[in-house]
Amino acid sequence: MKIGNLIVKDGVLLAPLAGVSNRPFRVLSIKAGAAFTYTEMISSEGIIRNQDRTKEMMHFKSDEQPLGIQLFGSDPKVMEQAAAITVKEFNPDLIDINFGCPVKKVVNKNGGSAILKDLQLTEDIIKGTVAGAGDTPVTIKIRTGWDEAHPVFEQVGEIAQKAGAKAISLHARSRAKGFSGEADWNSIRLLKQAVDIAVIGNGDIKTPQDVIRMKEETGCDGVMIGRAAMGNPFIFSQINHYLKTGELLENPTMREKIGMARLHAGLMKEQFGEERGAKMMRRYLGWYIKGFRGASELRPMLFEVNTIHDIDQVFDDYLNDRLGILPHEIFDPDKKIN
Ligand SMILES: Cc1cc2nc3c(=O)[nH]c(=O)nc-3n(C[C@H](O)[C@H](O)[C@H](O)COP(=O)(O)O)c2cc1C
């Protein structure tokens, strides 16, 4: 897939996920075979005010690339300045604009999907961001519209293309739908017909077969996944294997998942420290152990961990006590996914 001058390899892109797609998660996703990653959405106001927490979220290294930094905001001038700072200080492979976020905190400030109600503002924000980004490609991520009665994705696609955007990701639901019902992949097909720039389809991909089906049904240039990768970076290697060979890999075993969770916890420690890393890791642990035998006993213990060391201890005890597995027998996920 071509996004401006940028070539993105075959495979699927990891979606921007606030509170989830931070550096550790991006490193694991790229290692497992994701074709591209995005930061969490970043406030353009926070960037121009030089806020530490905002800047912390924008740092990345080459083992998370290719990578896009996603910005949100409702003031074209602020977006222009924020894009210029982003390029100068961080130099990502692209800048993505969030026009899809349904969360009240963002929408109430006229950010995210609220902008889909004002197409002139949509255009001005894209133009501002493109001007600020210079040679770095700008892309946008949208939903189908504010609500079911007002689909605007085709219009927004045409506006974006004219304003200089190089790709559009479409989460095929309206803002009003939240995450309910099924994503309407037909809207991805219609968007692909309406524009010449790359279209990245998104919504409800759960299996490697879904990737092929979305491509066939919509003609989209790329496919993006979010929720199916949470606690499951294995999905990227499963998809790549299927795309290459047409064969399905087995789902990861419990030991493989624990191995991955520990690797993840180690990266969280490196990035955020022993205590902050452990607190942030709690939600991922819940996803990793979904479906485990004894998960209901394990979950409260993992939700109370205060250090990364605690996480190792809980897993060691679980494997040893319940299953008679010694720590050194635990699968090393590095070997499997490389
Ligand atoms: C926890 C969570 C956080 C998200 N954060 C963002 C975000 O920061 N920016 C964005 O454009 N979309 C965000 N999304 C939407 C996803 O990028 C994606 O469009 C959506 O989950 C649909 O894809 P999926 O069905 O593969 O999950 C988020 C979704 C979830 C579940």
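Please count how many residues of the range 215-247 are in contact with a helix residue (DSSP H, G or I) (Cβ under 6 Å, 6 or more places away or on another chain) and of a type in the set (A, V, I, L, M).
First, the residues of the range 215-247 that are in contact with a helix residue (DSSP H, G or I) (Cβ under 6 Å, 6 or more places away or on another chain): 217-220, 223, 228-231, 233, 235-239, 242.
If we keep only those that are of a type in the set (A, V, I, L, M) too, we end up with 223, 228-230, 235, 239.
So the answer is 6.
Of all residues in the range 38-66, those being more than 18 Å from the chain's Cα centre (by Cα) and either closer than 13 Å to residue 24 by Cα or outside the structural domain of residue 125 (by TED's automatic domain parsing) (or both) number 0. Screening the range 84-179 for strands (runs of 3 or more DSSP E) wholly inside it with 1 or more residues that are within 14 Å of the ligand (Cβ to nearest atom) and within 26 Å of residue 49 (Cβ to Cβ) returns the ranges 94-99, 138-143. Restricting the range 187-212 to residues that are part of a helix (DSSP H, G or I) and within 14 Å of the ligand (Cβ to nearest atom) leaves a set whose member that is nearest to residue 32 (Cα to Cα) is 208. Given the structure, is residue 262 part of a helix (DSSP H, G or I) and either modelled with pLDDT under 95 or within 26 Å of residue 19 (Cα to Cα) (or both)? Criteria met by residue 262.
Just checking, does the range 218-239 include any residue being within 16 Å of the ligand (Cβ to nearest atom), in a helix (DSSP H, G or I), crowded, with 21+ Cβ neighbours inside 10 Å and over 18 Å from the mean Cα position of the chain (by Cα)? Yes; the residues of the range 218-239 include at least one that is within 16 Å of the ligand (Cβ to nearest atom), in a helix (DSSP H, G or I), crowded, with 21+ Cβ neighbours inside 10 Å and over 18 Å from the mean Cα position of the chain (by Cα). Scan the range 284-304 and tell me whether some residue there is open to solvent by 50 Å² or more (accessible area, probe 1.4 Å), within 22 Å of residue 32 (Cα to Cα), out of contact with any His (no Cβ under 9 Å at 6 or more places or on another chain) and not in a helix (DSSP H, G or I). The answer is yes, given that some residue of the range 284-304 is open to solvent by 50 Å² or more (accessible area, probe 1.4 Å), within 22 Å of residue 32 (Cα to Cα), out of contact with any His (no Cβ under 9 Å at 6 or more places or on another chain) and not in a helix (DSSP H, G or I).
Residues considered: 55, 88, 77. Of these, the only one that is open to solvent by 10 Å² or more (accessible area, probe 1.4 Å), farther than 21 Å from residue 177 by Cα and out of contact with any helix residue (DSSP H, G or I) (no Cβ under 9 Å at 6 or more places or on another chain) is 88.
Criterion first (assigned to a helix (DSSP H, G or I), over 28 Å from residue 40 (Cβ atoms), basic (Lys, Arg) and without any contact (Cβ under 8 Å) to a residue 40 or more places away in the chain) does residue 255 satisfy it? Give the steps one after another, and end with the answer.
On the way: assigned to a helix (DSSP H, G or I): yes; over 28 Å from residue 40 (Cβ atoms): yes; basic (Lys, Arg): yes; without any contact (Cβ under 8 Å) to a residue 40 or more places away in the chain: no.
Spelling it out, it is not the case that residue 255 is assigned to a helix (DSSP H, G or I), over 28 Å from residue 40 (Cβ atoms), basic (Lys, Arg) and without any contact (Cβ under 8 Å) to a residue 40 or more places away in the chain.
All conditions in (1) touching a residue at least 60 places away in the same chain (Cβ under 8 Å); (2) among the β-branched types (Val, Ile, Thr); (3) over 23 Å from residue 252 (Cα atoms) hold for residue 42, with the sole exception of (1). Pairs are defined by a Cβ separation below 8 Å, a sequence spacing of at least 6 or placement on different chains, a first member in the range 116-131 that is within 16 Å of residue 143 (Cβ to Cβ), and a second member that is assigned to a helix (DSSP H, G or I) and open to solvent by 40 Å² or more (accessible area, probe 1.4 Å); the pairs so defined are 119/155. Going residue by residue through the range 91-103, is there one that turns out to be under 30 Å from residue 151 (Cα atoms), more than 21 Å from the chain's Cα centre (by Cα) and of a type in the set (D, E, K, R)? No. For the range 1-57, the set of residues classified as within 13 Å of the ligand (Cβ to nearest atom), among the small types (Gly, Ala, Ser) and touching a His at 6+ places or on another chain (Cβ under 9 Å) consists of 15 only. Taking the condition open to solvent by 10 Å² or more (accessible area, probe 1.4 Å), more than 14 Å from the ligand (Cβ to nearest atom), over 24 Å from residue 6 (Cα atoms) and of a type in the set (D, E, K, R), does residue 182 pass? Judged against the criteria, residue 182 is not a match.
The values are calculated or read from the model by the stated rules, or taken from the named source; none is laboratory data. Just so it is clear, the model here is predicted, and its values are computed rather than measured. Counting neighbours? That spans all protein chains shown, and the Cβs are built from the backbone with ideal geometry, glycine included. Side chains are part of the model used for accessible areas, which takes the heavy atoms of the whole protein and leaves out ligands, DNA and RNA. Shrake-Rupley method; radii C 1.70, N 1.55, O 1.52, S 1.80 Å.
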